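The values are calculated or read from the model by the stated rules, or taken from the named source; none is laboratory data. As the structure is a computational prediction, the values presented were derived from the model and not from experiment. Here the Cβ positions follow ideal geometry from the backbone for every residue, glycine too, while neighbour counts run over all protein chains shown. Calculation scope for accessible area: heavy atoms of the full protein, side chains included, ligands and nucleic acids excluded. Shrake-Rupley method; radii C 1.70, N 1.55, O 1.52, S 1.80 Å.
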Amino acid sequence: MAERQKVSNDTSVSEDVTQPDERSALKRNQSPVDGRWAVVVVIAVFIARTVLTTQVVAISVFIGEWAGQLGIPAAQLAWSYSIVTCLRYCAGPIAGAVYRTLGCRPLVFIGGVLAFVSLICLSFATKLWHIISCSVVSGISYGLVDQGCVIAVGIYFDRWHGCANGVAFGGASVGVMVGPLLTTVLINVFAWRGAVLILAGMVAHFCVAAMVIRPLSLWMDENCQKTSDTKVARRCSVTTVSRVVSIQEDKRFAPQPQVQKHDDMQQSACTQDQTTSKPYTPVATFCRFIKALFDLTGLNLLFKSPIVVLLCVTVFFFGCGYFPTYTYVTSYAIASGIGELQATYIFTISGVCTLVVRLSHGFLLDYDVVSPPMLFGITATLAFAGNFIIALFTPFAAFAIFGVIFGFGAGTALALVPPVTKSVTSREELPTVFALQAFFQGIGQVICVYVQGVLYESTGSYSACFYLTGACLFAAGVCCFALRALTNVFQRRKPKPTRKFPSSANHDDFL
C-alpha cells in the first residue's frame with residue numbers, strides 16, 4: 001500500500017508539472033523570441049553596428065593621411081570611400097545567397113573574417129590599387145555583417161521588433177558621432193598604420209557577435225535535454241522538434257513500400273531518359289544558370305510579387321535622397337559663409353536627433369500607434385521639408401533647423417526600412433527581401449551622387465542638388481503610402497490568420 005501511495009504521489013507530481021501555469025512557462029522558455037537571449041542578441045547587434053559605422057566614417061579621415069604620406073591625390077583616394085559605402089548595400093544579393101546557403105550565423109562570421117583580413121592587408125598598403133582592393137573586400141564584408149544583423153533582429157523579435165530595431169540602428173548613430181574623433185586620436189598616437197591595425201582588432205568582434213546569434217533549434221535542443229520529466233520531454237520532442245525536421249528529411253528516412261520503390265525507379269528512369277533527350281545548347285545552359293542565380297539571390301521575387309517591387313522602388317528613392325544629402329552639406333555651408341567649425345555642428349545636431357528618435361520611435365510601432373509604412377511616409381516627407389529649407393535659406397539657423405528636421409525625419413525613415421519590410425512580406429521571404437532592398441538602396445545612392453555632380457557642374461549651385469534629394473525623399477514617402485494601400489488590398493483578399501505564440505520552429509529556418 002505504501003508503494004502504491006508512493007507511485008500515485010509520483011504520478012500526481014508528474015501531472016502537476018503539466019499544469020496550465022507550468023505549461024505556459026515552459027512554452028515561454030522554449031522560444032527565445034522576445035526573450036532574454038533576444039536582448040543579448042540586440043546588444044551584440046548594437047555593438048556590431050557601432051563598430052561597422054566607425055570603420056566606414058574612418059575612411060574619410062584616412063584619406064587625408066594617405067594623400068600626405070603616400071603622395072596619392074585625394075580625388076583618387078575618394079573612390080575608396082565611395083566603394084565601401086556602395087558595396088555595403090549593393091552586396092545584398094551576395095549576402096542573401098550566403099544566407100540561403102549557410103544561415104545567419106555563418107553570414108556574420110564570414111563578414112567578420114573578411115573585414116579583419118582586409119584591414120590587416122590595408123595596413124601594408126603603399127599604392128592606390130592596394131587601397132582600392134582592400135576597400136572592395138571591406139565593402140562586401142560590411143554588407144554581409146549589416147544584412148546578418150538586420151536578419152537576426154527581425155527573427156529574434158516579434159512583439160518588440162520596433163524597439164529592438166531602433167536600438168540596433170542606434171549603434172550606427174553612435175558610430176557616426178564617435179568614429180571621426182576616435183580615428184583622429186588613434187592616428188595621432190599610433191600613426192595611420194597602427195590605427196588601421198587597432199580598427200582590425202575592433203572588426204574581429206563581428207565574429208563574437210556571430211557566436212551570439214545562436215540557431216534557435218540548438219537552443220531548443222539544449223532545453224529538451226535538460227528536461228527531466230518524461231512527459232514534458234516527449235511533448236518537446238514531438239510537438240516541436242518534429243516540426244523542425246524538414247519534409248525532405250522525413251521522406252529520406254521514412255520506410256517506403258517495395259511497390260512504391262519500384263514505381264519510383266521506373267519514374268526516375270523515365271525522367272532520366274527525358275532529361276538526357278533535352279538538347280544542352282549554350283543558350284539553354286545559360287538560361288538555366290541565370291534561373292539558378294535568380295533563385296539563389298532572390299531576384300525571382302521581383303517577377304512574382306508586386307509588393308516586393310514597390311518596396312524596392314521605395315528604398316531606391318530613399319537611397320537617392322538620404323545618403324547623397326550629406327555629401328554636399330559641409331561644402332554648401334562653407335560656400336554660404338558659415339565657418340568650418342559651425343559646419344561640423346550640423347552633423348552633430350543631426351546625429352544627436354537621429355540617436356534620440358531611433359531609440360524612441362519603436363514604442364509607436366510596438367504599441368500599434370501607427371503602422372510602419374505610414375510612419376515611414378510621414379518621416380520621409382519631413383526629411384523632404386528639411387532639404388527644401390536649406391535650398392531656400394542659407395543662414396546658420398536654417399542649417400541648424402535642417403539638422404534637427406533631417407535627423408528626426410530621415411534618421412527615423414532609415415531605421416524603419418526593416419519594420420516596413422517585415423510588415424509587408426512573409427517570414428519565408430523576409431531575409432531575401434532584406435537583401436533585395438539593400439541592393440536597390442545602394443544602387444540609388446550611387447546614381448544620385450553622380451547626378452548631383454552633373455547638376456553642380458552644369459548649374460554651379462548646390463541648391464539644385466538639395467532639390468533633387470528632397471524630391472527623391474518625397475517620392476519615397478509617396479511610394480510607401482502606396483505600399484500600405486496595396487498591402488491592405490492583398491490582405492482583404494486573403495483570410496486573416498489567428499496570431500499565435502511564435503515558436504522556435506517557425507523561426508529556425510532563418511538562422
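Odds and ends about this structure:
Conditions (1) farther than 19 Å from residue 153 by Cβ; (2) open to solvent by 30 Å² or more (accessible area, probe 1.4 Å); (3) at pLDDT 85 or above; (4) not β-branched (Val, Ile, Thr), marked per residue:
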{"position": "433", "(1), (2), (3), (4)": "no, no, yes, no"}
{"position": "440", "(1), (2), (3), (4)": "yes, yes, yes, yes"}
{"position": "445", "(1), (2), (3), (4)": "yes, no, yes, yes"}
{"position": "458", "(1), (2), (3), (4)": "yes, yes, yes, yes"}
{"position": "469", "(1), (2), (3), (4)": "yes, no, yes, no"}
{"position": "502", "(1), (2), (3), (4)": "no, no, no, yes"}
{"position": "511", "(1), (2), (3), (4)": "no, no, no, yes"}
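- Filter pass, residue 195 being part of a helix (DSSP H, G or I) and either among the hydroxyl-bearing types (Ser, Thr, Tyr) or more than 15 Å from residue 44 (Cβ to Cβ) (or both): yes
- Residues considered: 347, 393, 388, 318. Of these, the only one that is under 25 Å from residue 472 (Cβ atoms), open to solvent by less than 60 Å² (accessible area, probe 1.4 Å) and aromatic (Phe, Trp, Tyr) is 318.
- Top-ranked residue in the stretch 39-70 [being small (Gly, Ala, Ser) and either touching a residue at least 60 places away in the same chain (Cβ under 8 Å) or out of contact with any helix residue (DSSP H, G or I) (no Cβ under 6 Å at 6 or more places or on another chain) (or both); ranked as farthest from residue 348 (Cα to Cα)]: 68
- Qualifying residue in the stretch 384-405 (condition: part of a helix (DSSP H, G or I) and within 28 Å of residue 305 (Cβ to Cβ)): yes
- In the stretch 420-463, the residues that are at negative phi and without any contact (Cβ under 8 Å) to a residue 40 or more places away in the chain: 426, 450, 451, 453, 454, 455, 457, 458, 459, 461
- Where helices (runs of 4 or more DSSP H) fall entirely within the stretch 21-109, those with at least 3 residues that are modelled with pLDDT of 85 or more, farther than 29 Å from residue 444 by Cβ and hydrophobic (A, V, I, L, M, F, W, C) are at 36-69.
- Residues satisfying the stated conditions in the stretch 393-408, i.e. farther than 21 Å from residue 340 by Cβ and either of a type outside the set (A, V, I, L, M) or touching a Ser or Thr at 6+ places or on another chain (Cβ under 8 Å) (or both): 408
- Test: residue in the stretch 418-432 that is over 13 Å from the mean Cα position of the chain (by Cα), within 22 Å of residue 301 (Cβ to Cβ) and assigned to a helix (DSSP H, G or I): yes
- Sole residue being at pLDDT 90 or above and out of contact with any strand residue (DSSP E or B) (no Cβ under 7 Å at 6 or more places or on another chain), chosen from 155, 120, 151: 120
- Some residue of the stretch 165-186 being assigned to a helix (DSSP H, G or I), at pLDDT below 90, open to solvent by 10 Å² or more (accessible area, probe 1.4 Å) and among the polar types (S, T, N, Q): yes
- Pairing each residue of the stretch 124-153 that is open to solvent by 10 Å² or more (accessible area, probe 1.4 Å) with any residue that is not in a helix (DSSP H, G or I), provided the two are 6+ apart or on different chains, yields C-beta distances under 7 Å for 126/70; 128/72; 134/125; 140/91.
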